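The values are calculated or read from the model by the stated rules, or taken from the named source; none is laboratory data. Here the structure is a predicted model, which is why all the values come from computation and not from measurement. Side chains are part of the model used for accessible areas, which takes the heavy atoms of the whole protein and leaves out ligands, DNA and RNA. Shrake-Rupley method; radii C 1.70, N 1.55, O 1.52, S 1.80 Å.
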Amino acid sequence: APSSGKDMSQANRSNVDAVRNSGLFREVETVEQKWLKTYSADDWIKMRNTFSPDLMLSAAEREEFHRRLRAIIEDLGGSFTRYYRCCCVLGRRK
């Protein structure tokens, strides 16, 4: 269902307003999807291997950073849950 705007972050609301106020689109609406994803230490390290800041580290630095991340996740019980929210702006071109 389209969002009423109550759940949207301020940044998303600003982007939607920019699309609405551009004069280029009509029937602008938003759809927001939220979900939770639980990551094991292995899953999170695999994900981190796709992040630019991690890829900019030397191999040795990245290995040490990921080792420390793994230890933190293991201290949390071996996994953690992350909240995601995606906002899609739909509109018809004029």
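Remark: accessible surface ordering of R13, R92 (largest first) is R92, R13, probe radius 1.4 Å. Using the 1.4 Å probe convention, the accessible area of region 28-76 works out to 71 Å² per residue with neighbouring protein chains retained.
May I ask for the percentage of alpha-carbon pairs in the chain that lie more than 22 Å from each other? For the chain, the share of Cα pairs beyond 22 Å comes to 52 percent. For M56, M47, the ranking by accessible surface with the largest value first comes to M56, M47, using a 1.4 Å probe.
Would you mind classifying region 20-73 by shape? Square roots of the alpha carbon gyration tensor eigenvalues, ordered a ≥ b ≥ c; an a/c under 1.5 is rounded, otherwise it is prolate if a/b is larger than b/c and oblate if not. Don't skip to the answer; put the middle values down first.
On the way: a/c = 5.69, a/b = 2.25, b/c = 2.53.
Oblate shape, in that a/c is at least 1.5 and b/c is the bigger or equal ratio.
Pairs of lysines in the chain whose Cα atoms sit within less than 23 Å of one another amount to 4, provided the residues are eight or more positions apart or on different chains. Per-residue surface analysis assigns E74 an accessible area of about 100 Å², computed on protein heavy atoms at 1.4 Å probe radius.
Over region 16-94, what is the relative contact order in percent, taking alpha-carbon pairs closer than 8 angstrom and at least six residues apart? Each step should come with its number before you reach the end.
Numbers: 85 pairs, mean separation 45.5, N = 79.
In percent, rounded to a whole number, it is 58.
What are the semi-axes of the equivalent ellipsoid for region 11-50, taken as the square roots of 5 times the Cα gyration tensor eigenvalues, largest first, in whole Å?
Working: eigenvalues 255, 28, 12 Å².
Over the Cα atoms of region 11-50, the semi-axes work out to 36, 12, 8 Å.
Between the Cα long axis of helix 59-75 and the first principal axis of the chain there is an angle of about 90°, rounded to the nearest 10.
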